[in-house]
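A.B. asks: This structure is in structure tokens; I'll ask about it shortly.
Laboratory data are not the source of any read-out in this text; all were calculated from the coordinates shown. All of these numbers come straight from a predicted model, not from anything done at the bench. FYI the Cβ positions are ideal-geometry reconstructions off the backbone, even for glycines, and counts take in every protein chain you see.
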Amino acid sequence: MLNRILLLLLLILPTTAFANIILVIGDSLSAAYGIPVEHGWVSLLQQRLDSGGFPYRVVNASISGDTTANALARLPRALDSHEPAVVLLELGGNDGLRGLSLTAMESNLAAMITSSQEAGAQVLLIGMQLPPNYGPRYTGKFQSIYHELAGELNVALLPSLVDGIGTELNLMQSDGIHPNAIAQPLIVDRVWKELLPLLDQADHQ
């Protein structure tokens, strides 16, 4: 009798209740700052997954203004709560804009990647870019961190979330930092290209 009840529940409950989780840990660029949440790239990613029949639910744990230190502190609880199959790490921009220690930023990102891997998740590391007025030495070191971590820790890398977008005025909000709603489909296209192979790996684990 109990087995029959369980079978009926499996048939009538929506399949999304049993979907794998894609956890997005990011800052304002992933939190849809300045635009309706449903127009942000994370929401568009969920729409693409749904339309393609991918059994994944996206959990957006992004917070505007977050640094890598802030995100590292809250990551363990997010991993325990959601048990994600894939983790997208989009962080570092606020560290760079505030001129924080790049050594600490690298250490924080490495710890988040390692913790996610130990929790059984595939990881996509998403890089950031800084305005050129921060100087070539600082911006070069900042950008190289993502490439070095991806190689050392064997994770997928999207070198920049906004490459080619930040220089287009029609794609940016008035602050010159955050992409507008028009840019969000372009961003999700970029993320999707790197994410798709990870979904295949997660499905075969």
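A.B. asks: Take HIS178, HIS39 and order them by how many other Cβ atoms sit within 10 Å, fewest up front.
C.D. replies: Least to most surrounded, the residues fall as HIS39, HIS178.
A.B. asks: Same structure, new question: Please identify, among GLY52, GLY96, GLY65, the residue showing maximal mean-square fluctuation in a Gaussian network model of the chain using a 10 angstrom Cα cutoff.
C.D. replies: Maximum among the listed residues: GLY52.
A.B. asks: Quick one: if you take sqrt(5λ) for each eigenvalue of the C-alpha gyration tensor of the chain, what semi-axes come out, biggest first, whole angstrom?
C.D. replies: Rounded to whole Å, the semi-axes are 32, 20, 14.
A.B. asks: From the alpha carbon gyration tensor of the stretch 42-81, can you work out the equivalent ellipsoid semi-axes (sqrt of 5 times each eigenvalue) and give them in Å, largest to smallest?
C.D. replies: 26, 13, 5
A.B. asks: Relative contact order of the chain, please, whole-number percent, based on alpha carbon pairs below 8 angstrom and at least 6 residues apart.
C.D. replies: The value is 21 percent.
A.B. asks: What is the magnitude of the charge dipole of the stretch 17-203 about its Cα centre, with +1 placed on the Cβ of each Lys and Arg, -1 on the Cβ of each Asp and Glu, and no other charges, expressed in debye to the nearest 20?
C.D. replies: In debye, rounded to 20, the stretch 17-203 gives about 240.
A.B. asks: Output the Cα-based Rg and Dmax of the stretch 48-113 in Å, rounding Rg to one decimal and Dmax to a whole number.
C.D. replies: Final numbers for Rg and Dmax: 13.8, 42 Å.
A.B. asks: Using only alpha carbons, build the gyration tensor for the stretch 110-205 and give me the equivalent ellipsoid semi-axes, biggest first, whole Å.
C.D. replies: 27, 19, 9
A.B. asks: Once R0 is set to 25 Å, what does the formula 1/(1 + (r/R0)^6) return for the Cβ-Cβ distance between ASN154 and ASP80, expressed as a FRET efficiency to the nearest 0.05?
C.D. replies: Given R0 = 25 Å and the Cβ-Cβ separation, E is 0.60.
A.B. asks: Which order results if ASP189, ASP95, ASP175 are arranged by neighbouring Cβ count within 10 Å, fewest first?
C.D. replies: Listed from fewest to most nearby Cβ atoms, that is ASP175, ASP189, ASP95.
A.B. asks: Moving on to the next point. Testing the spin-label approximation: label points 7 Å from Cα along Cα→Cβ at LEU100 and GLU118. State their distance in nm.
C.D. replies: 2.1 nm
A.B. asks: Also, quick follow-up: What is the extension gain from VAL37 to HIS147, computed as 0.36 nm multiplied by their sequence separation minus the C-alpha to C-alpha distance, in nm to one decimal?
C.D. replies: Between VAL37 and HIS147, full extension yields an extra 36.6 nm.
A.B. asks: What residue among THR139, LEU29, VAL155 has its Cα farthest toward the positive end of the dipole of the stretch 17-203, where the charges are +1 on Lys, Arg and -1 on Asp, Glu, each on the Cβ?
C.D. replies: Positive-end residue among those listed: THR139.
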